[in-house]
Structures are given as structure tokens and as C-alpha cells.
Amino acid sequence: MKREKSAFLKWFSMSRHQRKRGGEKLAKHFNETDIAALKDRIIEGASPSYTHGADKDLLAHLDNLKREFIGQSELCYRHAQLIVLIRREVDLPVNLKHFFRLWLEEADYLVMNLNTRWLVSAADTFADFSEDPVEQAYALATAGLVNAVKLAETERWLRAIDEPLPTAENLDMGAKRVALWDGTSAFAVGTDDTLRNFHWRIQRVCKKTIPQPACLTIYHRVFQRLSEHDSVFKRFRDAHTRPRTQWW
């Protein structure tokens, strides 16, 4: 397995320094901005467009990124800016302080208004930089869950699988065991209680953990969204027939 570069080797990377250029001025500007005012300002434009990859020039990348947030608040965009600056190691103590403050004061707003991409990016940032191992564990769980679904959906796209699921009654998966790998068995479409039980476990943890760490809130919200958007979670939700084992 290829090893991550050490901080010493990273320091000698010209590309690394290029990717940080101009970021210090932004960090100073963030100190002077009122969070409440950012929530009230909406980014204008025709329609959002998503970036793919990142420009080496930091300011150009952030300008491209802003188009993703057309129709959303400046606060959502500010959150993305902070993550980019943290990833490029620009003035880390200052930008991490801004990031953690944002989640401390505006977790409910961010969880409801950021899309899954940026919730996972936030979780990755908590995993990398939080000093609370419990918070890091929730963050890694969020990223692991979404990455697993992303792999499954990518394979489905590559194989051009688009036909609807057979009806749960015709599958009759509750009456037979379908082996998968290393002792695991297939999800019984239509009746399975696995995700319901998992949802109950999340709820029990949420009730025990007051106040809730931001990463637990993120995890709970991401789990809900998987059943709301086109993914294996939603397709199995749509095929579910047993009310007492539903997980949504």
C-alpha cells in the first residue's frame, strides 16, 4: 500500500505551495464576517453547476466552487471554503477554529441545508482534525457508510443496470437464505429488519448523547437521506412490504 507523504516531504512540494497561494487573505476576512448575516445572503445565478476535480489555483477553484451554491446561502459556501482551505493546509489553526465554531453554533442549519457531498466532506474534516475520538468515530462511520453505497451505485451505473426490482412477493427472500461472502447473507427485500434495527440503534445512541456531537447529527441525517434519494436504500424502501420492519 502506498504511504501518505510525511509533513517533511510535503513541505518540499511546489504544487502544495501553489495550491495554498492567496488563502491567508481569506482567513483574515472570515474573522470580520457575521455568521447570521451569511445565512441571510443568497448566492445568485441561473442554476447550480458542480465542479469535478480542483484547479491548482486556490482562488480560481473557490470561484468555480461558488457556482455549486447558487440558490443557497453564503453560509453554506463559507463552509465549503473552509474545508478547501483546511485540505490545502492554509493557516490551519485559524481555519479549523472557524470550521469547529461553525458546527458548534450552526449544526442544525448545516445538517438541513448542506447536500450529502458536503456533509461527508465535513465528516472527513472531523475525522482528520477533531481531538475527540468519539466524534472521529462518528465521522468515520459517516464516510464509511456513504463510500460503501457509492461503490455499489457506481458498479450499478457501470453495468448499466436500470431495470426495476422484481416484486418482493415474487422474490420470497424471507423464506430462503442467499449466501453472499464470508458468512453474510443477502438482505431480504420486502421484509428484512436489518435497517430498522440499525435505525433504532442510532436513535438509542442519540437519546443517550446529549448534547449530540455534530458528527452524530451528520450521521443520522445522512442515513435518512440514503432512503430519500435514488440509491439501494431507497429502492429497497420502495419495495418494502412489512410495516413493522420499516426504517424510515
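Values for this structure:
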{"item": "GluC sites (Glu not before Pro) lying in DSSP loop within the range 49-147, provided at most 16 other Cβ fall within 10 Å", "result": "Glu89, Glu131"}
{"item": "Efficiency of FRET between Leu59 and Gln246 - r from beta-carbon atoms, R0 41 angstrom, step 0.05", "result": "0.30"}
{"item": "Angle in degrees between helix 133-158 and the longest Cα principal axis of the chain, rounded to the nearest 10", "result": "70 degrees"}
{"item": "Estimated 222 nm signal from helices in the chain, with DSSP H stretches of n ≥ 4 weighted -39500 (n - 2.57), rounded to 500", "result": "-18500 deg cm²/dmol"}
{"item": "Label point distance in nm, Cys206-Ile43, each placed 7 Å from Cα along Cα→Cβ", "result": "2.8 nm"}
{"item": "Interatomic Cα distance distribution for the chain, bins of 10 angstrom, percent", "result": "6, 24, 31, 22, 12, 4, 0"}
{"item": "Estimated inter-spin distance, Asp182 and Tyr109, nm [label 7 Å along Cα→Cβ]", "result": "4.3 nm"}
{"item": "Spacing of the two label points (7 Å from each Cα toward its C-beta) at Gln72 and Arg156, in nm", "result": "2.3 nm"}
{"item": "Charge sum, other residues only, whose C-beta stays under 12 Å from Thr125's C-beta, Lys/Arg counted +1 and Asp/Glu -1", "result": "-2"}
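Each reported figure results from applying straightforward, stated rules to the coordinates on display, with no laboratory input. Predicted, not measured: the structure shown is a model, and the values here were computed from it. Glycine gets a Cβ as well: all are built from the backbone with ideal geometry, and neighbour counts include every protein chain shown.
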